[in-house]
Amino acid sequence: MAVPTPAFPFPPSTGRGAVLAGLGAYVPPRVLTNAELCGQRPIGDEWIRERIGVATRRIADGEATVDLAVRAGRHALTAAGAGAADAVVLVTISPDRLCPAGAPEVAARLGFGPVPAFDVSSGCAGFLYGLGVATSMITSGVFNSVLLVASDVFSAFLDPEDWLMRAIFGDGAGAVVLRAGAAGEPGAFGPFDLGSDGSQSDLLEIPGGGARARKRRPAEASCEASPYFRMDGPAVRKQAVVGMCDSVARALQLTGWSLGDLDLLVAHQANQRILDGLTAELGLAPHRVLSHIETFGNTAAASVPVLLAQAAAAGTLLPGRRVALTAYGAGLAWGSTTLTWPEVRAVTEGG
């Protein structure tokens with residue numbers, strides 16, 4: 001169960017808000033079906049659909065995390081009618097390199113010039129953390145606009161022989177442009193609930209590649225840490241449902257909304273069982289919880305913004321609707337926030 005956590009009630013008393021001005025998404029064209037994934041295995045399409053809820057997922061072929069981020073970022077800028085932003089924040093758990101951060105390259109390839117740019121890594125909750133950071137950058141008065149991109153090529157971090165992990169995850173990138181505005185206007189992000197529990201950091205991890213693996217004692221050198229992602233699925237599933245429910249409740253309370261006021265919930269697309277558990281625990285009608293996991297799988301930190309952009313482009317997210325966002329992932333880390341949906345454009349590619 002998620003531990004109690006303080007929330008962060010942006011915006012401050014100045015009345016300045018961070019407002020959603022445009023959305024973009026990009027998913028690679030390569031479609032990996034369950035049949036192709038499973039091959040001749042006796043467990044196949046029906047089992048994956050029933051247990052995970054995924055039928056297909058998109059896999060980057062020759063594209064890396066920054067490549068996807070640039071495409072999604074450009075689409076968000078187009079949607080916002082903006083040529084650039086004052087800063088770039090890249091959210092990812094599948095960086096192209098351990099060093100340097102990818103955000104400066106995203107900014108350079110988008111033609112921004114020498115703007116501040118940095119990465120955020122908070123597991124699959126990273127987009128909510130990135131929103132909190134970007135919101136504070138604007139509400140503080142230091143920046144007037146921020147491009148926030150969440151991009152993951154998580155297929156690069158999956159064991160080629162682990163068909164179950166490969167069944168869950170897909171690749172993609174989603175982006176939003178935030179602008180300065182009034183705290184109470186449509187599109188302004190409400191209070192944030194952000195939290196973590198590092199005592200359970202080993203439930204989802206990529207153990208190899210970092211300083212801990214490199215500084216092993218000589219006697220342990222033969223036991224090379226795996227460079228591939230691993231997780232304790234049953235333990236994560238239970239905690240993710242409870243953790244997101246608790247986080248959403250705190251964000252709603254800070255906003256002054258009840259569950260009955262909520263029109264739509266956009267949650268991290270972990271798997272269908274987690275989404276079903278979240279829906280049941282909150283007592284929401286299924287149509288009030290958006291999902292695209294059947295078609296795109298779990299796109300890690302990118303899942304919430306990709307889903308937002310696709311839903312906005314499809315006309316599912318109508319102006320005036322009260323929306324909550326929530327996510328839970330490695331760290332353990334979680335986050336939620338709210339907004340009243342504004343008149344806003346979305347540009348998507350590949351989905």
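Relative contact order (percent) for the chain, with alpha-carbon contacts under 8 angstrom and 6 or more residues of separation?
Computed value for the chain: 28 percent relative contact order.
Taking amide H positions as placed 1.01 Å from N in the peptide plane, with prolines and chain starts having none, which residues 5 or more places from V120, or on another chain, fall under 5 Å of its amide H?
Hits under the 5 Å cutoff: L90, V91, T92.
Among DSSP bridges having both ends in the chain, what percentage is antiparallel? Round to the nearest 5.
Taking every DSSP beta bridge with both residues in the chain, the antiparallel ones total about 65 percent.
May I ask you to compute the full-extension gain from D159 to T316, defined as 0.36 nm times their residue separation minus their alpha-carbon distance, rounded to one decimal in nm?
So the extension gain works out to 52.9 nm.
Just how far, in whole angstrom, is the range 246-299 from the range 140-160 if you go by their alpha carbon centroids?
22
If you plug each phi of the range 329-336 into the Karplus form 6.51 cos²θ - 1.76 cosθ + 1.60 with θ = phi - 60°, what whole-Hz ³J(HN,Hα) values come out, in order, with x for Gly and Pro?
x, 4, x, 5, 9, 8, x, 8
Kindly provide the helix-only [θ] at 222 nm of the chain, computed as the sum of -39,500 (n - 2.57) over DSSP H runs of four or more divided by all residues, to the nearest 500 deg cm²/dmol? Don't jump to the answer; show the numbers that get you there.
Details: 11 runs with 109 residues, N = 351.
Calculated at 222 nm, the ellipticity per residue is -9000 deg cm²/dmol.
Quick check for you: which residues of the range 16-56 have the amide N under 14 Å from the point 7 Å beyond the Cα of A182 toward its beta carbon?
Zone members listed by number: 16-19.
Multiply the residue separation of A213 and D261 by 0.36 nm, subtract the distance between their alpha-carbon atoms, and state the gained length in nm to one decimal. Could the numbers behind the result be given before it?
Working: separation 48, 0.36 × 48 = 17.28 nm, distance 4.81 nm.
Using 0.36 nm per residue and subtracting the Cα-Cα distance, I get 12.5 nm.
Which value, in debye to the nearest 20, gives the size of the charge dipole of the range 193-276 about its Cα centre, when Lys and Arg are +1 and Asp and Glu are -1 at the Cβ?
The calculation lands at about 540 debye.
What is the fewest-to-most order of F127, F169, F143 by other Cβ atoms lying within 10 Å of their Cβ?
F143, F169, F127
Take R41, R57, R230 and order them by how many other Cβ atoms sit within 10 Å, fewest up front.
R41, R230, R57
Report the net charge of residues surrounding V266, where surrounding means a beta-carbon distance below 14 angstrom and charges are Lys +1, Arg +1, Asp -1, Glu -1.
+2
What residues have an amide H closer than 5 Å to that of G170, excluding those fewer than 5 places away on the same chain, when H is modeled at 1.01 Å from N in the peptide plane?
Residues meeting the criterion, in which the H sits 1.01 Å from N, are N298, T299, A300.
Pull out a ≥ b ≥ c, the square roots of the eigenvalues of the alpha-carbon gyration tensor of the range 289-351, then state rounded if a/c is under 1.5, prolate if not and a/b is larger than b/c, and oblate in the remaining case.
It comes out oblate by the Cα gyration axes.
Report which label in [x] 19.2, 62; [y] 20.9, 67; [z] 20.6, 59 holds the value of Rg and Dmax of the Cα atoms in Å derived from the coordinates of this structure.
Only one listed value fits the structure, namely [x].
Could you pull out every residue, at least 5 positions away or on a different chain, whose amide H is within less than 5 Å of the one on A327? Hs are placed 1.01 Å off N in the peptide plane, and Pro or chain starts have none.
Placed amide hydrogens put H268, G335 under 5 Å from A327.
Can you give the FRET efficiency to the nearest 0.05 for D61 and V142, using r as the Cβ-Cβ distance and R₀ = 45 Å?
Once rounded, the FRET efficiency stands at 0.70.
Readers should treat all values here as calculations from the given coordinates under stated rules, not as data from a laboratory. Everything quoted here is computed from the prediction, not taken from an experiment. Backbone-built Cβ (ideal geometry, glycine too); neighbour counts: all protein chains shown.
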